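Working notes for the structure below.
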Amino acid sequence: MARVAIVTGGTRGIGEAISLALKDLGYTVAANYAGNVEKATAFTERTGIPAYRWDVGDFEATQAGCAAVAADLGPIDVVVNNAGITRDGVLHKMSFDDWNEVMRINLGGCFNMAKATFPGMRERGWGRIVNIGSINGQAGQYGQVNYAAAKSGIHGFTKALAQEGAKFGVTVNAIAPGYIDTEMVAAVPAPVLEKIVAKIPVGRLGHAEEIARGVAFLCSEEAGFVTGSTMSINGGQHMY
Ligand code: CAA
């Protein structure tokens, strides 16, 4: 039976490309999403990949959502924690809510998903968890103390859980994307984005598929010796 994978935030942007890449790998994929029903419905019609709605920042909803996926498709062997939001602003203008929502969803979502799926992977002796971090979690970014802290937290979370999973065949890795041509990056003010792109040695934004290729490798059977690592895919913007 094909292995079952969940991609959080899996119906749009980088997540959509990851869902498709894992399907190409032969996995049975479930794409989680939080709010955009219209886009999720169109995604399922286009790809045949079922979409499941819950907020990954909500602990109980995540346990129930993962249980529903397992009941429909089988035990979950692969998790890609991709769901994330931005609430950019300089610290002196940032509200507690802007801080908290980013921490709750981007970092809390990884914990909630791992709580729902890691014990099963551990018992069955095989699993793949890939967490989507960010260049801005590695290097920091003006106007993103919330996002940079959450993404940096994801990198620490990855290395800690990798140590817990290693002897059970469960690998845990991170990908640190740079600036990718998604809606999230399109929301950065144009003059600011121009300056950022000027600092990317490859000279352009990345494509979602370029992140998905890395995720597919880390989720593959062949990547069993890769754990606790961070793969930077950023056009050379930050060499780390
Ligand atoms: N370094 C130093 N100074 C900077 C700066 C930077 N990188 N960016 C802006 N400033 C300065 C400006 O020059 C300006 O200074 P003056 O007032 O002296 O002219 C001051 O900060 C205010 O700038 P803004 O007018 O832009 O202020 P704002 O309050 O309207 O907006 C901001 C601030 C929200 C941070 C805005 O600049 C912004 O959106 N920046 C982009 C942040 C970013 O890169 N987000 C990434 C989103 S995509 C993502 O996160 C995906 C991923 O993983 C890569």
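Structural remarks
- Selected residue [farther than 19 Å from Ala116 by Cα, at pLDDT 95 or above and in contact with a Gly (Cβ under 8 Å, 6 or more places away or on another chain)] from Ile76, Ile49: Ile49
- Positions within the range 36-77 being among the hydrophobic types (A, V, I, L, M, F, W, C) and either over 22 Å from Gly13 (Cα atoms) or part of a strand (DSSP E or B) (or both), in sequence order: Ala51, Phe59, Ala61, Ala64, Ala67, Ala68, Ala70, Ala71, Leu73, Ile76
- Taken over the range 54-95, the criterion of being polar (S, T, N, Q) and out of contact with any Cys (no Cβ under 7 Å at 6 or more places or on another chain) is satisfied by Thr62, Gln63, Asn82, Thr86, Ser95.
- Residue tally, condition surrounded by fewer than 18 Cβ atoms within 10 Å (Cβ to Cβ) and either closer than 20 Å to Ala67 by Cβ or of a type in the set (A, V, I, L, M, F, W, C) (or both), over the range 26-36: 0
- The number of residues in the range 179-195 being in a helix (DSSP H, G or I) and either open to solvent by 20 Å² or more (accessible area, probe 1.4 Å) or touching a Ser or Thr at 6+ places or on another chain (Cβ under 6 Å) (or both) comes to 9.
- The C-beta contact set for the range 85-114 (first residue under 20 Å from Val188 (Cβ atoms), second residue among the small types (Gly, Ala, Ser) and assigned to a helix (DSSP H, G or I), distance under 6 angstrom, 6+ apart or interchain) comprises Val102/Ala150; Asn106/Ala150.
- Residue within the range 176-191 that is in contact with a helix residue (DSSP H, G or I) (Cβ under 8 Å, 6 or more places away or on another chain), more than 15 Å from the ligand (Cβ to nearest atom) and either under 20 Å from Ile6 (Cα atoms) or not β-branched (Val, Ile, Thr) (or both) present: no
- Identity of the residue in the range 142-165, of a type in the set (A, V, I, L, M) and away from the ligand (no atom under 15 Å from the Cβ), that ends up surrounded by the fewest Cβ atoms within 10 Å (Cβ to Cβ): Ala160
- Of all residues in the range 68-97, those being open to solvent by 40 Å² or more (accessible area, probe 1.4 Å) and within 16 Å of the ligand (Cβ to nearest atom) number 9.
- Residue match in the range 130-141 (condition: part of a strand (DSSP E or B), more than 14 Å from the ligand (Cβ to nearest atom) and touching a residue at least 12 places away in the same chain (Cβ under 8 Å)): yes
The values are calculated or read from the model by the stated rules, or taken from the named source; none is laboratory data. Remember, predicted model here, so these are calculated numbers, not experimental data. Here the Cβ is made from the backbone with ideal geometry for all residues, glycine too, and neighbour counts use every protein chain on show. In case anyone asks, the SASA skips ligands and DNA or RNA and just uses the protein heavy atoms, side chains included. Shrake-Rupley method; radii C 1.70, N 1.55, O 1.52, S 1.80 Å.
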